[in-house]
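Remarks on the structure that follows.
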Amino acid sequence: MSTAPEKQSRSIYGVHPAVALVQKWKKELKAKTGRSLEEWVELAANEGARTEKQTREWLKISHKLGTNSAWWIAARVAGKESEEDSPERYLAAAPGYVDEQYAGKKRALRPIYERLLRDAAKLGADVKACPCRTMVPLYRHHVFAQLKPSTNSRFDLGLALTHYQGKLPKRLVATGGLAKKDRITHRIELTSPDQVDDQVKQWLKTAYQLDG
């Protein structure tokens, strides 16, 4: 009998919303500040040697740029390429983010991730996973869940249940998200793929439906 892992019928990975934010910022930068990204990078580079932090402060204090603009420009002055610079670059980097999350002692948690990712893909064609460096958020219209190896031995399925009306079982641990106005309000702790049972799948589906 084959022991090959189950294949997904489609790729669930999609472009993180932050990529669109950066693309919009780059497009509007010259109209808002008088200089394009390339012109800001050239100006900052010609002003003399600075650390990345010093460049950020110089951009904010001397040129009155916002925090995000200062961070993004300073990073490029420092020669740091960003996966957010293009959808293609992000999608090429995304699998590597996942590999890094499950490297070393966290490798044993990856089957939990893979199982939940397959279950999420079955919820609908509008589900996409957008890996970050420490977790993988799941989007429909907004983040409705997140997949995170929280420790070397514990995986957390985070769920956005702000608008759920009803009693929640003890298995769902409050994250404090309601008070902090975070999307993720509860989590289910998992240590084995066998714990991804019908109840876990139902709560994942509930979070998805609440974002409809």
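The numbers here are math on the coordinates, done by the rules we state, and not lab data. What you see is a predicted model, and the numbers here were worked out from it, not measured in a lab. Using ideal geometry, Cβ is built from the backbone for each residue, glycine included, and neighbour counts are taken over all protein chains shown.
Observations, loosely collected:
- Electrostatic dipole magnitude of the chain [Cβ: Lys, Arg +1; Asp, Glu -1; Cα centre; debye, to 20]: 520
- Over all orientations, the stretch 104-210 has a Cα convex hull whose mean projected area works out to 6.6 square nanometres.
- With the charge dipole of the chain set up from +1 on Lys and Arg Cβ and -1 on Asp and Glu Cβ about the Cα centre, the Cα lying farthest toward the positive end among the listed residues SER192, GLY166, SER62 is that of GLY166.
- Exceeding the 18 Å Cα-Cα cut-off - candidates LYS106/LYS148; LYS148/LYS201; LYS128/LYS181: LYS128/LYS181
- Cα-Cα P(r), the stretch 17-85, percent of pairs per 10 Å interval: 21, 59, 19, 0
- By average C-beta atoms within 10 angstrom, highest first, the peptides 102-114, 16-28, 128-140, 161-173: 128-140, 102-114, 16-28, 161-173
- Its relative contact order, with pairs defined as Cα atoms under 8 Å and 6+ residues apart, puts the stretch 33-150 at 16 percent.
- Residues listed by number, the stretch 78-118, amide nitrogen under 18 Å from ASN152 label point at 7 Å toward C-beta: 100-111
- Of ASN68, ASN46, ASN152, the residue with the greatest mean-square motion in the GNM of the chain, using alpha carbon springs below 10 Å, is ASN46.
- Reach of LYS30 by Cα under 16 Å, taken over aspartates and glutamates that are not fewer than 8 positions away in the same chain: GLU38, GLU39, GLU42
- Gyration tensor verdict on the stretch 110-170 (Cα atoms; rounded if a/c is under 1.5, prolate if a/b is larger than b/c, oblate otherwise): oblate
- Cα gyration tensor shape for the chain, rounded if a/c is under 1.5, else prolate or oblate: prolate
- Label-to-label distance for THR51 and GLU189 is 3.8 nm, based on points extended 7 Å past Cα in the beta-carbon direction.
- Paramagnetic label zone (point 7 Å from Cα along Cα-to-C-beta, LEU43; backbone N under 13 Å) in the stretch 18-33: 29-33
- A simple charge model with +1 on the Cβ of Lys and Arg, -1 on the Cβ of Asp and Glu and nothing else charged puts the dipole of the stretch 104-210 at about 280 debye relative to its Cα centre.
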